[in-house]
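Enquirer: Okay, here's the structure, questions in a sec.
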Amino acid sequence: MLLLSYLTSTLWFGDAAVAYQLGFQDPATTTMEGIYLFNLHLLFVIISIVIVVGWLLLSVLTNFTEFDNTNVANFTHSNAVEIIWTTIPALILLSLASPSFSLLYSLDEISNPELTLKILGHQWYWSYEISDFNSCSESSQSLKYSSYMLTNEFLQENNSIGFFRVLETNKRVVLPTNTHLRLLITAVDVLHSWTIPSFGVKVDACPGRLNQANLFIKRFGVFFGQCSEICGVNHGFMPIVLLAMPSVQYHYLIMTNLHFN
Ligand SMILES: [Cu+2]
């Protein structure tokens with residue numbers, strides 16, 4: 001039974017926040033995998049430093065009491081010790097800086113996107129625009145829609161069991177997996193921030209400025225995020241829900257124009 005629950009639990013990914021969660025949500029992009037591994041690397045270094053410094057402090061407290069040391073040392077300076085205690089921290093910092101910079105630069109890598117999603121932050125909802133579809137260019141219109149949070153009352157009235165409180169929206173963003181995507185993010189009124197933890201994407205939406213991010217989703221699923229820039233009274237009530245589906249199904253969806261209803 002335990003084995004069965006373990007096996008089934010591994011089939012599910014954590015793509016929404018869980019109560020009292022301490023760790024990350026499950027990565028769905030290479031970016032987030034990089035962030036996840038870098039976090040583990042940092043944790044290892046931090047815990048090692050805490051153990052070494054803690055041991056040093058304890059040994060100073062226990063070994064160097066005035067009762068045990070009747071002969072006071074008369075040196076005030078040691079070149080060797082000073083060289084060691086400046087170079088070792090510098091080397092540790094370098095070992096942190098190197099993967100951090102390579103990760104940072106890899107986040108900005110843009111590789112010829114096939115689809116562009118424009119994201120607009122409003123007080124207090126998100127709206128989306130896609131202009132790349134054939135049906136868009138034929139009708140010279142772009143696909144535009146706004147996505148509002150589903151209220152608690154709505155979820156209760158419609159018996160929406162299994163829906164997440166303050167995380168669900170009336171319309172979801174639909175994107176294909178295994179496709180290079182470009183996100184263009186801006187705001188209409190105040191600062192917002194478009195965030196999906198499983199993607200490792202958190203981009204500020206600034207009025208009068210267009211921010212760009214790349215996205216390559218590795219697995220299908222429903223991903224949840226929230227605005228991450230304090231933007232006013234309803235800041236906590238403008239969630240982001242994104243449905244990632246295999247690109248073949250996505251193509252079918254677009255071809256049949258289901259998306260335009
Ligand atoms: Cu906000």
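Enquirer: Let me confirm something: among GLN25, GLN123, which residue is surrounded by 10 or more Cβ atoms within 10 Å (Cβ to Cβ), in the same structural domain as VAL174 (by TED's automatic domain parsing) and in contact with a Gly (Cβ under 6 Å, 6 or more places away or on another chain)?
Expert: GLN123
Enquirer: Shifting gears a bit: Just to confirm my filter: which strands (runs of 3 or more DSSP E) fall fully inside the range 112-182 and include at least 3 residues that are hydrophobic (A, V, I, L, M, F, W, C)?
Expert: Passing ranges, in order: 115-122, 173-176.
Listed here are the residues, each with its yes/no results for (1) farther than 19 Å from LEU243 by Cβ; (2) modelled with pLDDT of 85 or more.
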site	(1), (2)
LYS118	no, yes
GLY121	yes, yes
PHE133	no, no
SER140	yes, no
SER146	no, yes
MET149	no, yes
LEU155	no, yes
SER160	no, no
LYS171	no, yes
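Enquirer: What are the pairs with Cβ atoms under 6 angstrom where one residue, in the range 197-224, is in contact (Cβ under 8 Å) with a residue 12 or more places away in the chain and the other, located anywhere, is open to solvent by 20 Å² or more (accessible area, probe 1.4 Å) and part of a helix (DSSP H, G or I)? Sequence gap at least six, or different chains.
Expert: GLY200/THR31; GLY200/ILE35
Enquirer: Shifting gears a bit: If you check every pair at least six apart or on different chains, which have Cβ atoms under 9 Å apart with a residue in the range 20-43 that is in contact (Cβ under 8 Å) with a residue 60 or more places away in the chain and farther than 15 Å from ILE217 by Cα first and a residue that is among the β-branched types (Val, Ile, Thr) and surrounded by 15 or more Cβ atoms within 10 Å (Cβ to Cβ) second?
Expert: PHE24/ILE35
Enquirer: Look at VAL248 and say whether it is more than 15 Å from the ligand (Cβ to nearest atom) and more than 25 Å from GLY34 (Cα to Cα).
Expert: Spelling it out, VAL248 is indeed more than 15 Å from the ligand (Cβ to nearest atom) and more than 25 Å from GLY34 (Cα to Cα).
Here is a yes/no grid of residues against (1) of a type in the set (D, E, K, R); (2) surrounded by 14 or more Cβ atoms within 10 Å (Cβ to Cβ); (3) not in a strand (DSSP E or B):
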{"residue": "LYS218", "(1), (2), (3)": "yes, yes, yes"}
{"residue": "VAL222", "(1), (2), (3)": "no, yes, no"}
{"residue": "GLU229", "(1), (2), (3)": "yes, yes, yes"}
{"residue": "ILE240", "(1), (2), (3)": "no, yes, no"}
{"residue": "GLN249", "(1), (2), (3)": "no, no, yes"}
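Enquirer: Any residue at all in the range 214-223 that is over 19 Å from the mean Cα position of the chain (by Cα) and modelled with pLDDT of 90 or more?
Expert: Checked against the condition, which is being over 19 Å from the mean Cα position of the chain (by Cα) and modelled with pLDDT of 90 or more, the range 214-223 yields no hits at all.
Enquirer: Scan the range 231-249 and report the pairs whose first residue is within 16 Å of VAL174 (Cβ to Cβ) and in contact (Cβ under 8 Å) with a residue 24 or more places away in the chain and whose second residue is away from the ligand (no atom under 16 Å from the Cβ) and of a type in the set (S, T, N, Q), with Cβ atoms within less than 7 Å and a gap of 6+ or a chain change.
Expert: Sorted first by the residue in the range 231-249, then by its partner, the pairs are ALA244/THR177; MET245/THR177; PRO246/THR177; SER247/THR177; SER247/ASN178; SER247/THR179.
Enquirer: Here is a follow-up. Give me the pairs: first residue in the range 153-180 and among the β-branched types (Val, Ile, Thr), second residue in a loop (DSSP other than H, G, I, E, B) and open to solvent by 70 Å² or more (accessible area, probe 1.4 Å), beta-carbon distance under 7 Å, and six or more apart or on different chains, which are they?
Expert: Sorted first by the residue in the range 153-180, then by its partner, the pairs are THR169/TYR148; THR177/LYS218; THR177/PHE220; THR179/GLU114.
Enquirer: Next question. SER98 - would you say it is without any contact (Cβ under 8 Å) to a residue 24 or more places away in the chain and either more than 16 Å from the ligand (Cβ to nearest atom) or surrounded by 11 or more Cβ atoms within 10 Å (Cβ to Cβ) (or both)?
Expert: Here the answer is yes, as SER98 does meet what is asked.
Enquirer: Evaluate the range 185-196: report whether one residue or more is assigned to a strand (DSSP E or B), surrounded by fewer than 18 Cβ atoms within 10 Å (Cβ to Cβ) and not hydroxyl-bearing (Ser, Thr, Tyr).
Expert: No, because not a single residue in the range 185-196 is assigned to a strand (DSSP E or B), surrounded by fewer than 18 Cβ atoms within 10 Å (Cβ to Cβ) and not hydroxyl-bearing (Ser, Thr, Tyr).
Enquirer: Can you tell me which residue is surrounded by the fewest Cβ atoms within 10 Å (Cβ to Cβ) among those in the range 149-180 that are among the polar types (S, T, N, Q) and over 21 Å from the mean Cα position of the chain (by Cα)?
Expert: ASN159
The values are calculated or read from the model by the stated rules, or taken from the named source; none is laboratory data. The model shown is predicted, which means the values in this text are computed figures rather than measured ones. In this analysis, Cβ positions are derived from the backbone assuming ideal geometry, glycine residues included, and neighbour counts consider all displayed protein chains. SASA here: full protein model, heavy atoms, side chains in, ligands and nucleic acids out. Shrake-Rupley method; radii C 1.70, N 1.55, O 1.52, S 1.80 Å.
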